[in-house]
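Student: Just passing along the structure, written as structure tokens.
The values are calculated or read from the model by the stated rules, or taken from the named source; none is laboratory data. Computed from a predicted model, the values in this text were never measured in an experiment. Cβ placement follows ideal geometry from the backbone for every residue including glycine, while neighbour counts extend to all protein chains displayed. Accessible surface is based on the protein model in full, side chains and every heavy atom, while ligands, DNA and RNA are left aside. Shrake-Rupley method; radii C 1.70, N 1.55, O 1.52, S 1.80 Å.
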Amino acid sequence: MDRLAYIAMSGASQTLRAQATNANNLANVNTQGFKADIDAFAALPVYGPGQASRVYTEAQGKGADFSPGPLMSTGRDLDIAVKGEGFIAVEAPDGRVAYTRRGDLHLTANGQLQTGQGDPVMGNEGPIAIPPAEKIDIHADGSISIIPVGGQANAPAMVDRIRLVNPDQADLQKAPDGRFSLREGVEEPQADAAVQIASGVLEGSNVNAVEAMVNMIEYGRMFETQSRMIRTADENGEAADRLMRLG
């Protein structure tokens, strides 16, 4: 009976973990540039004294789905989307460099360029600050030009250039907040001139809402089945105890 209960218990706990991952994906279906997390179930033997006669289930994180999300035209000058592979370098809350595909940019009161998540966008020498301007243009290579207040429309001034990088996806790890960072020991990549962006466009989340809803129903049914198995193992154990007492 303990084998049945153990297998069902491990399956139920890992199903809850997979459901949490799926719920997080579903919650970010409308988050700009979000990349879905991937989970997979694996059957692993329990090692210890005696024979490996127990098997448990583990929901293993397989990283993120790096496939591109849908592109949506906004016509807004500060909305950008990375074309193809690559990332925008930003400053994370802990002060380290992180990477994102989120391109809904805005200016703070002091002119700092930030993502919709509030992360300062990195330029050639650090976070980008833009002086007061009548017009701001972000070009395909990430360079930023402005028409200063009172300046001539035919004489734009170059301000900075967004740091666009294309690290090996295997070197990236995803944080719960959706940002990516480099794995321990990996050298920070240099700006990559091959990475291009489109202006006036936003990349949406690559989460498939229908698939996530189907997964939610499937995980719920799996958890219900495993819970019934635990109850059955408990009932069988009680029945066996009664038979032993009768003997």
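Student: So, in region 157-193, how many residues would count as being more than 19 Å from LEU105 (Cα to Cα) and either in a helix (DSSP H, G or I) or β-branched (Val, Ile, Thr) (or both)?
Tutor: Qualifying residue count for the region: 4.
Student: Okay, moving on. Scan (1) within 24 Å of MET72 (Cα to Cα); (2) out of contact with any helix residue (DSSP H, G or I) (no Cβ under 6 Å at 6 or more places or on another chain) for the single condition VAL149 breaks and write down its number.
Tutor: (1)
Student: Starting from region 153-171, take each residue that is open to solvent by 70 Å² or more (accessible area, probe 1.4 Å) and list its partners that are not in a loop (DSSP other than H, G, I, E, B), counting only C-beta distances under 6 angstrom and pairs at least six apart or across chains.
Tutor: The qualifying pairs are ALA153/ILE147; PRO156/SER145; PRO156/ILE147; MET158/SER145; ARG161/SER143.
Student: Could I ask something else about it? Any idea which residue in region 97-133 is farthest from THR31 (Cα to Cα), counting only those that are of a type in the set (A, V, I, L, M) and in a strand (DSSP E or B)?
Tutor: ALA133
Student: For residues in region 60-96 being assigned to a loop (DSSP other than H, G, I, E, B) and polar (S, T, N, Q), which is farthest from ALA193 (Cα to Cα)?
Tutor: Taking the candidates together, the pick is THR74.
Student: When the residues of region 182-206 are narrowed to those that are under 16 Å from the mean Cα position of the chain (by Cα) and more than 24 Å from LEU78 (Cα to Cα), which ends up surrounded by the fewest Cβ atoms within 10 Å (Cβ to Cβ)?
Tutor: By that ranking, first place goes to ARG183.
Student: Any residue in region 198-213 that's touching a residue at least 12 places away in the same chain (Cβ under 8 Å) and within 14 Å of THR100 (Cβ to Cβ): show its pairings with residues that are aliphatic (A, V, I, L, M) and not in a strand (DSSP E or B) at Cβ separation under 6 Å, as long as the two are six or more apart or on different chains.
Tutor: SER205/VAL29; ASN206/ALA36
Student: Being open to solvent by 30 Å² or more (accessible area, probe 1.4 Å) and of a type in the set (Gly, Ala, Ser) narrows it down to one residue among ALA175, ALA212; which is it?
Tutor: ALA175
Student: If I filter region 116-137 down to residues being open to solvent by 30 Å² or more (accessible area, probe 1.4 Å) and acidic (Asp, Glu), which single residue comes out as nearest to TYR99 (Cα to Cα)?
Tutor: Applying the filter and picking the extreme gives GLU125.
Student: So, one more: Within region 1-41, how many residues turn out to be free of Cβ contacts under 8 Å to residues at least 12 places away in the same chain and under 12 Å from TYR219 (Cα atoms)?
Tutor: The number of residues fulfilling the criteria is 2.
Student: Test ARG101 against the stated conditions and say whether it is at pLDDT below 95 and of a type in the set (Lys, Arg).
Tutor: no
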